[in-house]
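Below is one structure, written out as structure tokens; comments come after it.
Where a number appears in this text, it was derived from the coordinates with a stated rule and is not lab data. Given the structure is predicted, the values throughout are model-derived calculations rather than measurements. Here the Cβ is made from the backbone with ideal geometry for all residues, glycine too, and neighbour counts use every protein chain on show.
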Amino acid sequence: MMMKAAVLDQAQQPMAIKNVADPSVGVNDVLIKVRACGVCHTDLHIVEGLLGGLGIDPFPLIMGHEIVGEVAQIGVGVTHLKPGDRVGAYWSFGCGHCRYCASGKEQICTGNHGYAGITQNGGYAEYFTVDADYAIPLPDEMDFVDAAPFLCAGLTMYSGFKNAGLRPGQRAALLGIGGLGHMAIPIAKALGAEVIAITSTEAKQSVAKELGAHHTINATGAEAGKKLREMGGADVVLSTTLNTEAITGAMQGLVPQGTMVLTALTADPLPIIPIQLLFAEQRVIGSLVGSRLDFQELMKLAVQNNIRPMTETYALDHANLAHERLREGKVRYRAVLTPN
Ligand SMILES: [Zn+2]
Ligand SMILES: [Zn+2]
């Protein structure tokens, strides 16, 4: 059987929309009929050549790691799912037995078995196969297009706040309102935090308010940190930006014992002044995606608090257009492909 897919044959070229063989279904796998797949900034980095720089050559590659759909077929060893079930595919495959996997942190597994849509084929296709242990049932209340962005964008935000130890009543400041950041506002609010959105455009300031931010700051760099401090500071500052000047600036708005959370993929060095950090007992942490457990918790939180991403949908045929608009910063705020 053949299926339609958006295939990246090599970095630095457009994807080719073509027919390829259906993915095979192993004993413990489920075949998912992809109903929605989000487009992540990481996908643009892959097109730009990110993987070559890391010495990985997965080409030709079907990208896409925010995959949801219906189970179309199950392997003979699968007993907990059946055709027709609505699932999301968790995409960072752990070894299953190291200390990180054993503690439910497969995203930082030291023997990682790959990432769907990054080191192996993903969801820019009509069908996708995954180990059934990584297919997570979706709540009935969550439709496919809304669910997809939770698998990377939403999960990264939720887990970032969780790793920072954000507690109800604390203040969370968010740096950057885009595909990830726009989901962080309602998530932080649902976690009981007072939310401050830091952005450098008036348009995004009003979006942040629409999304439920209690306060907004329209500034960047040191100015943003100063304004945040004047407002009383934040217990957690979560950054989704690649701009290190914006990060170090916003960090100045942390309260003592506050935590700066970094979630954007950049290799640029970040200047840190130890004396400032130690006198205030502050922390700077990295946070990667989230776990399967985090995703289950997040789905519950999203249903209870009616959290949904803002999306633009594209047919699979228009995958390149979605990339183009994302590259130009025009997507409001998550592009989602709908292959079926
Ligand atoms: Zn992603
Ligand atoms: Zn492991």
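Relative contact order of segment 154-286, taken over Cα pairs closer than 8 Å and 6 or more residues apart, is 22 percent. About its Cα centre, segment 154-286 has a charge dipole of approximately 260 debye under the convention of +1 per Lys or Arg Cβ and -1 per Asp or Glu Cβ, with nothing else charged. Cross-link check: pairs LYS209/LYS300; LYS4/LYS82; LYS105/LYS330; LYS300/LYS330; LYS162/LYS204 evaluated at a Cα-Cα cut-off of 27 Å; pairs beyond the cut-off: LYS105/LYS330; LYS300/LYS330.
Among the DSSP beta bridges whose two residues both lie in the chain, what percent are antiparallel, rounded to the nearest 5?
55
Output the relative contact order of the chain, whole-number percent, from Cα pairs under 8 angstrom with separation of 6+ residues. It comes to 19 percent, rounded to a whole number. Over the chain, dividing the summed -39,500 (n - 2.57) contributions of all DSSP H runs of at least 4 residues by the number of residues returns a 222 nm mean residue ellipticity of -7500 deg cm²/dmol.
Estimated at 0.36 nm per residue, the fully extended path between ALA102 and HIS80 surpasses their Cα-Cα distance by 5.8 nm. Among residues other than TYR134 whose Cβ falls under 13 Å from its Cβ, what is the net charge (Lys/Arg +1, Asp/Glu -1)? So the environment of TYR134 carries a net charge of -3. Were the residues from ILE272 through GLN13 laid out at 0.36 nm apart, the gain over their Cα-Cα distance would be 89.5 nm.
A full extension of the chain between GLU141 and HIS214 corresponds to an added length of 23.6 nm, given 0.36 nm per residue minus the alpha carbon distance.
FRET efficiency for the pair LEU44 and MET1, taken as 1/(1 + (r/R0)^6) with r the Cβ-Cβ distance and R0 = 25 Å, rounds to 0.25.
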